[in-house]
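One structure below.
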Amino acid sequence: MESPLDAELLHIVRSRLLDDYPRQVSACLQALGDEEIWWRPNEQSNAVGNLVLHVAGSNRHYLEHVIGGGADVRNREAEFAARGGRSRLQIEDLYEDVTGIVGRVLDTLTPARLIETTERTGRTSSFARILLHVTHHNSVHIGQIVWITKMVRPRVIADLARTPPPPAR
């Protein structure tokens, strides 16, 4: 039986993964140039480009593969090893494509399915647990993307939690 809390959780996850986070990533990418998305303060830090590749790879892995049952196509090491080679527009397109995949998988979920489990994470996990992991993981790394963008381009973006979506490109 569906509970109001199940429906609310699924609504929040959809809102974060399909609206809030993509809007924030897009605003940051639009504020940066091709070279700026690959800037890093030191070799132990990640560039915005790496973080977007990582979030996109993780989202695709957990939604398309773990929940959706699709093939596991992720190369996590490559997400962090990249030192350029893709333009800002290519990174933005990749993130938008993955957001579309995430949306299609979320469209298959109902509140009642949140208690379904899978072992594709390496341990038995419910879909609710996976979705909470994904939203928390996104929050951490998108916060880093916002911070780097504000550091590299002061005063270019405002408080992203309270601003409307950026204009379409």
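The values are calculated or read from the model by the stated rules, or taken from the named source; none is laboratory data. Source: prediction; values computed, not measured. Positions of Cβ are generated from backbone atoms using ideal geometry, with glycine treated the same way; all protein chains shown enter the neighbour counts. Remember, those area values only see protein heavy atoms, side chains included, never the ligands or the DNA or RNA. Shrake-Rupley method; radii C 1.70, N 1.55, O 1.52, S 1.80 Å.
Taking only protein heavy atoms and a 1.4 Å probe, what accessible area per residue, in Å², does the stretch 8-118 have with all protein chains in place?
Here the per-residue accessible area is 46 Å².
Where does the chain land on the Kirkwood hydrodynamic radius, alpha-carbon pairs, in angstrom?
After inverting the mean inverse Cα-Cα distance, the result is 16.6 Å.
Step through the residues of the stretch 104-114 one at a time and calculate ³J(HN,Hα) from phi using the Karplus curve (6.51 cos²θ - 1.76 cosθ + 1.60, θ = phi - 60°), rounding each to whole Hz and writing x for Gly and Pro.
Working through the residues one at a time gives 5, 5, 4, 4, 7, 8, 10, x, 5, 7, 4 Hz.
Would you work out the relative contact order for the chain, in percent, from Cα pairs under 8 angstrom that are 6 or more residues apart?
Relative CO of the chain lands at 36 percent.
Tell me, what HN-Hα J-couplings in whole Hz come from the Karplus equation 6.51 cos²θ - 1.76 cosθ + 1.60 at θ = phi - 60° for each residue of the stretch 33-42, using x for Gly and Pro?
Result, rounded to whole Hz: x, 4, 6, 5, 5, 9, 6, 9, x, 6.
Using θ = phi - 60° and the Karplus form 6.51 cos²θ - 1.76 cosθ + 1.60, what ³J(HN,Hα) does each residue of the stretch 85-99 get, whole Hz, x for Gly and Pro?
Per residue, the Karplus-derived 3J(HN,Hα) values read x, 10, 7, 4, 5, 5, 5, 4, 4, 4, 5, 5, 4, 5, 4 Hz.
Taking Cα atoms, how many degrees apart are the long axis of helix 48-59 and the longest axis of the chain, rounded to 10 and kept between 0 and 90?
Tilt of helix 48-59: around 10 degrees.
Give me the extension gain from Arg155 to Arg23: residue separation times 0.36 nm, minus the current Cα-Cα distance, reported in nm with one decimal.
45.8 nm
I need the shape label for the stretch 1-76. Rule: rounded when a/c is under 1.5, else prolate if a/b > b/c, else oblate, with a, b, c from the alpha carbon gyration tensor.
Verdict is oblate for the stretch 1-76.
Counting only protein heavy atoms, what percent of the accessible surface of the chain is carbon or sulfur at a 1.4 Å probe?
Its accessible area is 52 percent carbon and sulfur atoms.
Mind checking the angle between helix 4-15 and the chain's longest principal axis? C-alpha axes, 0 to 90 degrees, to the nearest 10.
Once rounded, the angle reads 30 degrees.
Sorted from largest down, what three extents in whole angstroms do the Cα atoms of the stretch 81-129 have along their principal axes?
Here the Cα extents, ordered largest to smallest, are 41, 24, 12 Å.
Could you check the simple spin-label distance between Glu77 and Trp39, using points 7 Å along Cα→Cβ, in nm with one decimal?
Rounded to a tenth, the inter-label distance reads 3.0 nm.
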